[in-house]
1. So what is the accessible area of region 14-84 per residue, in Å², with the probe set to 1.4 Å?
2. Within region 64-132, which trypsin sites (Lys or Arg not before Pro) sit in a loop by DSSP and count at most 14 neighbouring Cβ atoms inside 10 Å?
3. Hey, any idea what the orientation-averaged projected area of the convex hull of region 89-204's Cα atoms comes to, in nm²?
4. Quick one: if you stick a label point 7 Å off each Cα along the C-beta vector at Val106 and Glu187, how many nm between them?
5. How much length is gained on full extension from Leu264 to Arg44, taking 0.36 nm per residue of separation minus their Cα-Cα distance?
6. Provide the descending list of Cα extents for region 1-115 along its principal axes, expressed in whole angstroms.
7. Tell me, Kirkwood radius of region 247-303 from alpha-carbon pair distances, in Å?
8. What does a probe at Asp234 reach in region 147-175, counting residues whose amide N is under 17 Å from the point 7 Å along Cα→Cβ?
Amino acid sequence: MPLQMNRNVFITCAVTGSGSTQDKSPHVPRSPKEIADSAIDAARAGAAVVHCHVRDPETGAPSRRLELYREVTDRIRAADVDVVLNLTAGMGGDIVFGSTEAPLPVNAAGTDMIGATERMAHIAECLPEICTLDCGTMNFAEADYVMTNTPGMLRAMGSMMTELGVKPEIEAFDTGHLWFAKQLVSEGTLASPALVQLCMGVPWGAPNDLNTLMAMVNAIPSDWAWSAFSLGRDQMPYAAAAVLAGGNVRVGLEDNLFLEKGVLATNAQLVEKSVKIIEGMGAKIMGPEEVRSLLGLTKRAPR
């Protein structure tokens, strides 16, 4: 199909993630204050949406602690700049198996498996406009780690999101994830039109070549909204590719630490660079209220 460039683009900034990047750059935020401040700076730079994980303030390790999410939410909501809040709901589905000869019992130190209600507790408390739904299970980079999201788990979590009035951002790491996302919509678990984030180049999901990107794009229903990103040095080329293919943009320190070769970035700098790329292509940057109108979002105070 011919490319249809998006002329009205929103930027999502993925502020910190849950990867082991906390000691690779001083700009990766750890504490709730640092995460909120970085998100607010990204909003000032042009991000309409901020996607937030939380970390242990001392170690920087990924965390699910409810009070950390609540502090991040309160700080962002109290800021003098508006932004759409997107909280991860991806934590709690991690399995690290034992050796190839003895996969069970699992590696307890790396495994974090909890139920749907507990995975959604901070969403129910904080009531962000958006939360992520990783729409499938996949081998995820490391030798024995599996990101686990079964159909039953996704139906349970998706139903909770719908009941809470929080819009799921369907994170699709491969083509089958989009297939199941359409099933969730068709059966009424998720509302239509849906919102999709195409996660390209994450080992071992969809490779980030343009043929695969377009295969993913062509599988998205025409009335759904979508964004795309890739990792590291491919982050900014994918900002251009996503807009050219008709979508929106995600950048941020969750996916890439560098502004250019050898130069560590802040979230605000990555947003500023993506703004230049998008506007240089002749597109307009959308603000948070425009995004709420586009996606049917409601800004609410936490419980």
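The values are calculated or read from the model by the stated rules, or taken from the named source; none is laboratory data. Computed from a predicted structure; not experimentally measured. Ideal geometry is used to build each Cβ from the backbone, glycine not excepted, and the neighbour counts take in all protein chains shown. Each accessible area value is taken on the protein alone, full model and side chains, heavy atoms only, with ligands, DNA and RNA left out. Shrake-Rupley method; radii C 1.70, N 1.55, O 1.52, S 1.80 Å.
1. 40 Å²
2. Listed in order of number, the matching sites are Arg65.
3. Directional mean of the projected Cα hull area for region 89-204 stands at 7.4 nm².
4. 2.2 nm
5. Using 0.36 nm per residue and subtracting the Cα-Cα distance, I get 77.2 nm.
6. Ordered largest first, region 1-115 gives principal extents of 53, 46, 30 Å.
7. Over region 247-303, the inverse of the mean reciprocal pair distance is 13.4 Å.
8. Hits in region 147-175 for Asp234 at 17 Å: 172-175.
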